[in-house]
Amino acid sequence: YISGSIPFAKIIAGMRGVDIQKVGSGNIGFANVERVMGLKYALPVLVGDIAKGLLPVVLARSNDLNSTTLSLVGAAAIIGHVFPVWLGFKGGKAIATSIGVATGLNILFGGVALVAYLILRKLLKDAALRSLGTIGCLVLIGFIISSPFKWFLVVNLLFVIWTHRNNLREIHAKREKHV
């Protein structure tokens, strides 16, 4: 949980005098930092947010823990990102941290996430849809390879859909106006 709760976006943006929670979407994630400050500042946030999910799982793996325990370690990092104690439990939407956790569970997941995100970045304008599509691809590959983590990936997808609920409402409202 503590690893997941490190607010890299808040720290990196703050070093440049920007309170990332008060600009753009107010979210403490890669997409908001990229939108507000550019890719130069967003990439370190992305690396930090992936690492804070990846490292606890890799450490737990090195202790030869079972898949349930590994999933719980990953879930704690993800929950720490979404509900960080340092920011009054108001955090990010868990995409990069989820990718870090998934990569720690199975390196193949990291490759799938990278390819999926890059393809979706070319195809979709909306960051929320790209993010959800990327996490959805992790679920798909989890079932294709019959991973012991496939149900963790499903629960994680449902959780990140929940974290994106306001984005999804906005997308739906915009589409209704165009009908």
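The values are calculated or read from the model by the stated rules, or taken from the named source; none is laboratory data. What you see is a predicted model; the values in this text were computed from it and never measured. Methodologically, a virtual Cβ is constructed for each residue, glycine included, from the backbone with ideal geometry; neighbour enumeration extends over all protein chains shown. Just the protein is used for accessible areas: all its heavy atoms, side chains included, with ligands, DNA and RNA removed. Shrake-Rupley method; radii C 1.70, N 1.55, O 1.52, S 1.80 Å.
Give me a count of the residues in the range 140-154 that are on the phi < 0 side of the Ramachandran plot and not in a helix (DSSP H, G or I).
Going through the range 140-154 one residue at a time, the tally reaches 4.
Check whether at least one residue in the range 117-128 is in a helix (DSSP H, G or I), closer than 16 Å to Val154 by Cα, within 14 Å of the chain's Cα centre (by Cα) and not charged (D, E, K, R), and report yes or no.
No: the range 117-128 contains no residue that is in a helix (DSSP H, G or I), closer than 16 Å to Val154 by Cα, within 14 Å of the chain's Cα centre (by Cα) and not charged (D, E, K, R).
Name every residue in the range 129-150 that is in contact (Cβ under 8 Å) with a residue 40 or more places away in the chain and surrounded by fewer than 21 Cβ atoms within 10 Å (Cβ to Cβ), in order of residue number.
Selection gives Leu129, Ser147, Pro148.
Among the residues of the range 151-173, which ones are over 18 Å from His81 (Cβ atoms) and open to solvent by 30 Å² or more (accessible area, probe 1.4 Å)?
Trp151, Val154, Leu168, Arg169, Glu170, His172, Ala173
Can you pull out every residue in the range 89-109 that is assigned to a helix (DSSP H, G or I) and open to solvent by 20 Å² or more (accessible area, probe 1.4 Å)?
Ile95, Ile99, Thr103, Ile107, Leu108
If His81 passes every condition in (1) on the phi < 0 side of the Ramachandran plot; (2) surrounded by fewer than 24 Cβ atoms within 10 Å (Cβ to Cβ) but one, which one does it miss?
All conditions pass for His81, except number (2).
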